[in-house]
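All of the numbers you see were taken from the coordinates with simple rules; none came from a lab. Computed from a prediction, not measured in an experiment: that's the story for all the values here. Cβ placement follows ideal geometry from the backbone for every residue including glycine, while neighbour counts extend to all protein chains displayed.
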Amino acid sequence: MTAEPGPDNPGAPRRLPSGRQYEIAVGGQRVLLTEVGGALRAYLQDGRNLLDGYGPEDMCTGARGQSLIPWPNRVKDGRYEWGGDRLQLDLSEPDKGGAIHGLTRWRNWSVPVVEQEINKISFTYTLHACQGWPWVLDARLDYLLSDHGLSVRTTVVNRSASACPFGTGAHPYLSTGATHAGAIDGGLVQVPGRTFLPVDERGIPTGHERVDGTMYDLRELQQLGGRHIDVAYSDLIRDADGRARVRLLRPDNSGGVELWVDESYPYLEIFTGDTLPQRDRRRSGLGVEPMTCAPDAFNSGEGLIILEPGQSHTGQWGIKPL
């Protein structure tokens, strides 16, 4: 048995803020992941950062690389109704009076020994009932690195006796390779959304608008500039393979990174990081968040998935060097 750190065990091993660290690799690509949240901490190609992540000695901030289960984005007031009951979640975003990004991103995920190879790894976690969430879910994250880039498959099974509301998402920040504040301003961006969801001061959608003629129209590759964006896009333009793609290229168009989502993700939140509490991280990476449902779907029902007992849901997204 390993000794636990404490006043009676000064020689016990020091623990990192994000727990055990894992690495998968292929060719010149390296992906670094963490026990806490089963999170994607960094992705490098030939030493170049494809993500604006964080170091092994750091605590994750801004939800960088975390998976969002059993809802992405926000639940207004942390409150919703289900099956005639009024449920109250803990307010994990107290400044806006809401519950944000689900319940699993700060939990310790397990890696079964048989689920790790040089280029792939799987994390598992069971979410038991807790404040405002009276269900049990089995969750699994499968990371696979190949010559085509990184793919992430999220599978969740309802192990409860009753149906539950459900949504999932992820929260990587794409990088131009530079990580200083304002690094993305000169980058070239393409977002395949025809519609965006304007929000109120608490980040809750107030409707739907076409992107035509607005600063949110990024359907054609263009410089991001000083645009402040923190909205979800929908009505996504998809390629022949059914995938929608967001691209962030270096200012000289010499390369960059692409994030793709399969058809299980009808929404993409784009976040330029202007409101991050860490001022030196603002606009240092472009948050691109695959989401199966709209923000506040537990109340609006938009895109909400109903998981029946024993039913599973799987979605896949990925990142590709350009």
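The order of the peptides 92-103, 238-249 by mean Cβ neighbours within 10 Å, most packed first, is 92-103, 238-249. As an equivalent ellipsoid, segment 21-321 spans semi-axes of 28, 24, 18 angstrom, where each value is the square root of five times an eigenvalue of the C-alpha gyration tensor, largest first. Dipole of segment 9-56 computed with +1 at Lys/Arg Cβ and -1 at Asp/Glu Cβ about the Cα centre; of LEU50, GLN29, PRO17, farthest Cα towards the positive end is PRO17. Pull up the cross-link candidates among the lysines for LYS120, meaning alpha carbon to alpha carbon under 21 Å and not fewer than 8 places away within one chain. Here the lysines satisfying the reach criterion relative to LYS120 are LYS320. Net length available on complete extension from ASP138 to ASP217 is 24.6 nm, with 0.36 nm assigned per residue and the Cα-Cα distance removed. Partner aspartates and glutamates whose Cα lies under 18 Å from the Cα of LYS76, excluding those fewer than 8 positions away in the same chain, are identified as ASP85, ASP90, GLU93, ASP95, ASP200, GLU201, ASP230, GLU269, ASP296, GLU302. Qualifying GluC sites (Glu not before Pro) in segment 173-280, where qualification requires a DSSP coil assignment and no more than 14 other C-beta atoms within 10 Å, comprise GLU201, GLU220, GLU263.
Both radii are taken from the alpha-carbon atoms of segment 209-266; with Rh as the Kirkwood radius, Rg/Rh is 0.96. Converting phi to 3J(HN,Hα) with the Karplus coefficients 6.51, -1.76 and 1.60 and the offset θ = phi - 60°, segment 254-262 yields 8, x, x, 8, 10, 10, 10, 9, 7 Hz in sequence order, with x at every glycine or proline. If you take the Cα centroid of segment 100-129 and the Cα centroid of segment 208-279, the two points sit 27 Å apart.
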